[in-house]
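Here is the structure we will look at.
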Amino acid sequence: MSKSQSDKFTIWSIFRKADFSGKISLTLSTWFGTGLLSVAPGTFGTIAAVPLVFGLACLGTVSGVFIIAMVVAVAIWASDRSQELLGNGDPSEVVIDEVAGFLLTMFLLPPSWLTLGLGFILFRVFDIFKPYPIKQAEKLRGGLGIVMDDLVAGIYAHLCVRLILFFC
């Protein structure tokens, strides 16, 4: 049995034994199971955020800020709780941080396939390569560290998309 397959069985075992809040945190932190995919869970977690991005684009600025703040708060809590349950510093199965970071990337950008594509690519590049200070943000403890690096990557990606749109 491969390591990733046995890890998935471990997660299911932990899920079955967890209390109600543990089950909720694992469900949310894996973004309804997206993080359990064996290949590129962070990329698929980002893709799974696309419906939220389009929904957020339909709302006003104040509602958008409120929803992003709620997603970030839930992401920090769920990531922290799931990290405790899984006994791993930054579990690859936890992808709600990618959802929060990508929402921040796309916030207040004009909704189009161009901005979505640019935002997606740039967010994933910053999230994977972690230029300064993204790597340092990741060193924060618990759920805050899991989520903060993706929020900084989201800010970088957002600014880069704005620059590209400005010059093109």
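All of the numbers you see were taken from the coordinates with simple rules; none came from a lab. Please read these numbers as outputs of a predicted model, since none were measured by experiment. Note: ideal-geometry Cβ built from the backbone for every residue, glycine included; neighbour counts use all protein chains shown.
Computed values, structure above
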| quantity | calculated |
| --- | --- |
| Dipole magnitude (debye, nearest 20) for region 1-147, charges at Cβ of Lys, Arg, Asp, Glu | 160 |
| Gain in span if fully extended, Asn88 to Ser13, counting 0.36 nm per residue against the direct Cα distance | 25.5 nm |
| Karplus 3J(HN,Hα) series, Hz, for region 104-109 with 6.51 cos²θ - 1.76 cosθ + 1.60 (x for Gly, Pro) | 5, 4, 8, 4, 6, 8 |
| Cβ-based exposure ranking for Tyr156, Tyr132, in which fewest neighbours within 10 Å come first | Tyr132, Tyr156 |
| Residue order, fewest to most beta carbons within 10 Å, for Thr10, Thr34, Thr43 | Thr10, Thr43, Thr34 |
| Exposure proxy ranking, count of Cβ atoms within 10 Å, fewest first, for Lys23, Lys135 | Lys135, Lys23 |
| Normalised contact order of region 3-167, rounded percent, pairs of Cα under 8 Å and 6 or more residues apart | 25 |
| Part-to-part distance (alpha-carbon centres) for region 46-98 and region 102-145, which is given in Å | 12 |
| Reported label for calculated Rg and Dmax of the Cα atoms in Å given (1) 14.7, 42; (2) 15.8, 53; (3) 20.3, 69 | (2) |
| Residue-by-residue Karplus 3J(HN,Hα) for region 40-54, coefficients 6.51, -1.76, 1.60, Hz, glycine and proline x | 6, x, x, 5, 5, x, 5, 4, 5, 7, 4, x, 5, 4, 5 |
